[in-house]
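Chemist: Dumping the structure here so I can ask a few things about it.
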Amino acid sequence: MDQKESVRDITPWDGTLSSSDFFSAACAFSEKWKRFNASVPPWLWVPSRKHHLLSSHKEEGYLSLEGMCLIKSSEEQESCRSQTWKEESSISQEEEAVENATLVQSSCDEVNHYDFHIVYSPSYRVPVLYFRSYHSDGQPLPFGEIEKDLPDHSAKIRSESKWTFITQEEHPYLNRPWYKLHPCGTSEWMKLLFLGDTALNKNGFVIEHYLVSWFSVIGQVVGLKIPLGMLETVSC
């Protein structure tokens with residue numbers, strides 16, 4: 001996509017996206033994730049036709065990252081960790097030992113599995129992170145168990161921010177109950193994020209930067225780290 005066509009004047013912008021803008025942002029996000037985070041599975045675009053409000057947009061669908069596992073650092077899980085996808089990191093073994101948790105793809109049976117979807121909300125006109133967790137036998141985890149898997153700082157973020165609370169609702173495409181980070185306030189803090197960062201708004205609002213900036217905040221709640229290289233592309 002020609003970047004000149006994807007730039008918007010940020011002054012009147014309200015922090016939301018159109019459905020076509022979401023598709024452009026999703027493609028850019030998926031490509032950057034693959035380029036800078038090649039050690040873990042990619043985010044894939046899943047085409048789907050569901051919302052009547054979006055029926056005029058031929059690229060309706062959502063981003064999907066599935067089959068991830070939350071591995072908590074411990075000696076007992078060291079053998080399991082060696083079979084996982086390794087993060088590209090300069091963290092030493094001593095520093096890694098005190099890390100709370102890392103989401104990776106794994107074939108280990110004793111860990112909990114996580115699926116993540118980034119879905120466009122036609123009501124709020126912003127992306128929404130949906131997720132579910134299940135045992136190796138497919139049985140879903142209650143939220144109490146999921147909370148134990150989440151990194152320690154997740155509870156702090158959710159307790160201090162009115163924008164990151166978790167609810168359970170029907171997945172808009174799969175018609176099954178999934179957890180989601182509620183989109184209430186997303187457009188507000190995205191507007192503030194772009195206005196407050198000169199690196200983001202120096203050339204106006206660039207659609208391709210939206211999901212990278214959004215996920216750098218949202219991903220922290222569920223323990224998904226965004227590669228530094230992706231953030232650096234936003235400030236270029």
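Derivation of every value follows stated rules applied to the coordinates shown; laboratory data play no part. Just so we're clear, the structure is a prediction, and the values are computed from it rather than from any experiment. Glycine gets a Cβ as well: all are built from the backbone with ideal geometry, and neighbour counts include every protein chain shown.
Chemist: Taking θ as phi - 60°, what are the ³J(HN,Hα) couplings along the range 184-192 by the Karplus curve (6.51, -1.76, 1.60), each to the nearest whole Hz, with x for Gly and Pro?
Modeler: Along the range 184-192, the couplings run 4, x, 4, 4, 5, 6, 5, 4, 5 Hz.
Chemist: Quick one: which residues, 5+ away or cross-chain, put their amide H under 5 Å from the amide H of V40? H built at 1.01 Å from N.
Modeler: For V40, whose amide H was placed from the backbone, there are no distant partners under 5 Å.
Chemist: Follow-up. Between E59 and C184, what FRET efficiency follows from the Cβ-Cβ distance if R0 is 25 Å, with the result rounded to 0.05?
Modeler: So, using R0 = 25 Å, E works out to roughly 0.45.
Chemist: Report the gain in length on full extension from E232 to D14: 0.36 nm times residue separation, minus Cα-Cα distance, nm rounded to one decimal.
Modeler: Additional length available on full extension: 76.1 nm.
Chemist: Could you give each residue of the range 213-221 its phi-based ³J(HN,Hα) in whole Hz, using Karplus coefficients 6.51, -1.76, 1.60 with θ = phi - 60°, and x for Gly or Pro?
Modeler: Once rounded to whole Hz, the list reads 5, 4, 6, 4, 9, 5, x, 4, 5.
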